[in-house]
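To start, the structure under review is shown below, and the notes come after it.
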Amino acid sequence: MGLKGKLHEIKQKYKGKKMAPAFNAIHTFLYAPDETTHNGSHIRGADDLKRTMNTVIMALVPVLIFSIFNAGYQHFSALNGFPENFSLMDHFLTWDNAWIGIIKVLPLLAVSYGVGLLVEFIFAVIKGHEVEEGYLVTGILVPLIVPIDTPLWMLAVAVVFGVVIGKEVFGGTGMNILNPALTIRAFLFFAYPTWMSGDKVWVYEARERSEAILAGATDVDAISGETVLGYLAQNKGAAMDQVYSTWDMFYGFIPGSVGETPTLLILLGGLFLIFSKIASWRIMLSAVLGSLVMGLIFNQVVEMGWVTETSKFYGLMSFDFWKHLIVGGLAFGIVYMATDPVTGAQTNKGKWYYGFFIGFLSVMIRVFNPAYPEGVFLAILLMNVFAPTIDHYVVRGNVKRRMKRLENAVILPKDSDGKAAELQAETV
Amino acid sequence: MALLSKKDTSLILDPLADNNPITIQVLGICSALAITAELEASIVMAVAVVFVLGIGNVVISLMRNIIPSKIRIIVQLIVVATLVIVVDQVLKAFAYELSKTLGAFVGLIITNCIIMGRFEAFALANGPWKSFLDGIGNALGYGVILIIVGFFRELLGSGTLLGIPVLGDPILKTGLYATGYENNGFMIIPPAALIVVGIIIWVQRARTPALVEEN
């Protein structure tokens, strides 16, 4: 008897018992169940929740693999300087790089999934419903959007908070107002700000070494990895240009949250999601437009001479408007977070507004946030809250337009055949 | 004869749990969010409200038959304002540091919905003894929640209780901090109080399903 049979047997054994949802979840996660419904006929598409979730995970796997190598690459580059003649095989895809990623990124992933699914299982057992697939995507998103040195216990606390307060209190998967992964990140950001910002958190060991040096150690070299936005927020644009080229930003060979940097892979993931019709192209496109518009406005303000080099906003405002898309978490947020079908706008017209404001506000918060030069997660959470309002007005607008059409309708008189009067709408 | 009849007892005990002003009536939330970052401030606020509401209810109850109903809100406000000024002055005289922490919120007891709510709903229609018990009961119900919220926010946010470090020293890394534990900055900011109050409401309704409102 194979694994499938055994799982089926366990499932039968626990049927109707309290722990049933937990065993059902393990069974249906691995296999399609044998049972069919006995009453009524159901036509269903193959693209159920599980497949939707798995498609997003597939789009994220290249990013995850890149981030494992980048973790090591940033660490060794911070120690020895960036390699002069960069070659992908010699400097990036090396075993040393991968090892750092394996010991730092995989534990984050394991804690994220372990704790998150545990909470889901507990809630399913208490409330007596089946375990929902909702955490599958959140679980892989979370390690990709936190700094690499985030302590595992902090991540665990944040995951419990995010899943319980962000999702379960609203009624579980599909009922949440806020994106759970971003709720987790926001919790970490407000609870432990020193672990989430500055130039010592984005590169493996940077913080540990600086603490050791503070404590009096002399045999360690200090390392730091400032993000592109960090440089700009301190008006050190010229110094930043020396370290990172535009192509570095596009390919993702820069410090940042674990998986937010590889714009190229995120772009491919986004195209994959659009072609598989999982994510909305309207949201992605309008968010890109929104960020470009805001970036252009800031560039123009600098052009007009309203903001000069002495201003603390100069560095970020004078940053080329399109480059905002290839640094920080903007691309990652637009492709994987803004397009969350549960928390985003539902109407097609609403999606345009929703996406536009995400891009627009992200760049605005980047420039004006005094504490932290990144604002994508705040912008998306804010628009999550406004998404139902946007939808409401879009639907009301549609109703109003059709009511007006009805007002202008005329009733035709009976014709010679004696047919009943027809209602003919005049298109307005 | 017992000091309190059964009905009198329920006047005091009901607002502590099943008819709590914060978790059931959802009144007085503003101050519950604002001043509960420290346990000491929560306790002082609770005591202040017990004083203001206990006395205020009696005063209003004594005057209930001579207050013209058209100007009753103004009369009520004057009574609260007088009592609040007394509290404020006492705090300034004997606990100046604390009165600075509480800041405007002592003055703002006057706008605490629970106080006007109890005047309107109870003191205007009941005798002074019953009104006194009702005032004390509701203020205690408010105070209990304040103290619970203050306890968790100060413990998790600052690692102290009543200003005394209980988890070790975060700078010297002693006690719990030696294991890598850190204070949770989120608990210091007012939104955390909203979430803690929410969790209390959740726990209470999960334990007493009769309290759950129908849709």
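No value in this document is a laboratory result; all are computed from the given coordinates. Source: prediction; values computed, not measured. Cβ sites come from the backbone with ideal geometry, for glycine too, and all protein chains shown count toward neighbours.
Scan around residue B:161 for amide H atoms under 5 Å from its own, H built in the peptide plane at 1.01 Å from N, and keep only partners 5 or more places away or cross-chain.
Here the answer is B:166, since their amide H atoms fall under 5 Å of that of residue B:161.
Take the alpha-carbon centre of region B:141-187, take the same for region A:177-238, and report the distance between them in whole Å.
About 24 Å separates the Cα centre of region B:141-187 from the one of region A:177-238.
In chain B, which whole DSSP H runs stretch at least 24 Å along their own axis (Cα) and average 1.0 or higher on the Kyte-Doolittle scale? If you can, show how the numbers build up before the last one.
Working: long enough: B:39-63 (36 Å, 2.28); B:72-94 (33 Å, 1.98); B:128-158 (42 Å, 0.93); B:190-207 (26 Å, 1.27).
Within chain B the helices that satisfy the rule are B:39-63, B:72-94, B:190-207.
I'd like to know which of A:356, B:67, B:95 lies farthest towards the positive end of the charge dipole of the protein assembly as shown, counting +1 on Cβ of Lys and Arg and -1 on Cβ of Asp and Glu.
Farthest along the dipole direction, towards plus: B:67.
If amide H atoms are built 1.01 Å from N in the plane of the peptide, which residues on other chains or at least 5 residues away come under 5 Å of the amide H of residue A:343?
none
Taking the square root of 5 times each eigenvalue of the Cα gyration tensor, what semi-axes in Å does the equivalent ellipsoid of region B:142-215 have, largest first?
Values for region B:142-215, descending: 31, 12, 11 Å.
Roughly how far apart, in whole Å, are the Cα centres of region B:16-79 and region A:120-155?
42 Å
Need one number: nm distance between label points at residue A:13 and residue A:408, each 7 Å from Cα along Cα→Cβ, rounded to one decimal.
Going from the residue A:13 label point to the residue A:408 one covers 7.1 nm.
Please give the Cα centre distance for region B:103-119 versus region A:323-359, rounded to the nearest Å.
Measuring centre to centre over Cα atoms gives 43 Å.
Which entries of A:277/A:400; A:18/A:50; A:236/B:173; A:104/A:167; A:236/A:277 show an alpha-carbon separation above 32 angstrom in the structure shown?
Values: A:277/A:400 30 Å; A:18/A:50 24 Å; A:236/B:173 35 Å; A:104/A:167 27 Å; A:236/A:277 41 Å.
From the list (A:277/A:400; A:18/A:50; A:236/B:173; A:104/A:167; A:236/A:277), the Cα-Cα distance tops 32 Å for A:236/B:173; A:236/A:277.
Set Lys and Arg Cβ to +1 and Asp and Glu Cβ to -1, take the dipole of region B:20-207 about its Cα centre, and tell me which of B:184, B:58, B:140 lies farthest positive.
Farthest towards the positive pole: B:58.
What distance in nm separates the two pseudo spin-label positions at residue A:400 and residue A:152, each 7 Å out from Cα along the beta-carbon direction?
5.6 nm
Relative to the longest principal axis of chain A, what angle (0 to 90°, nearest 10) does the C-alpha long axis of helix A:3-13 take?
Once rounded, one gets 60 degrees.
I'd like the per residue volume of the convex hull spanned by the Cα atoms of chain A, given in cubic angstrom. Could the numbers behind the result be given before it?
On the way: hull volume 94.5 nm³, N = 428.
About 221 Å³ per residue, rounded to a whole number.
Across peptide A:146-158, what mean number of C-beta atoms from other chains lies inside 10 Å of a residue's C-beta? Kindly include the intermediate steps, with their values, before the conclusion.
Numbers: counts 0, 0, 0, 0, 0, 3, 1, 4, 4, 0, 0, 2, 2.
Partner-chain Cβ atoms within 10 Å, mean over residues of A:146-158: 1.
Using a Gaussian network model on chain A with a 10 Å cutoff between Cα atoms, which of A:363, A:159, A:307 fluctuates the most?
Residue with maximal mean-square fluctuation among A:363, A:159, A:307: A:307.
With +1 on the Cβ of every Lys and Arg and -1 on the Cβ of every Asp and Glu, and nothing else charged, how large is the dipole of the protein assembly as shown about its Cα centre, in debye rounded to the nearest 20?
In debye, rounded to 20, the protein assembly as shown gives about 2180.
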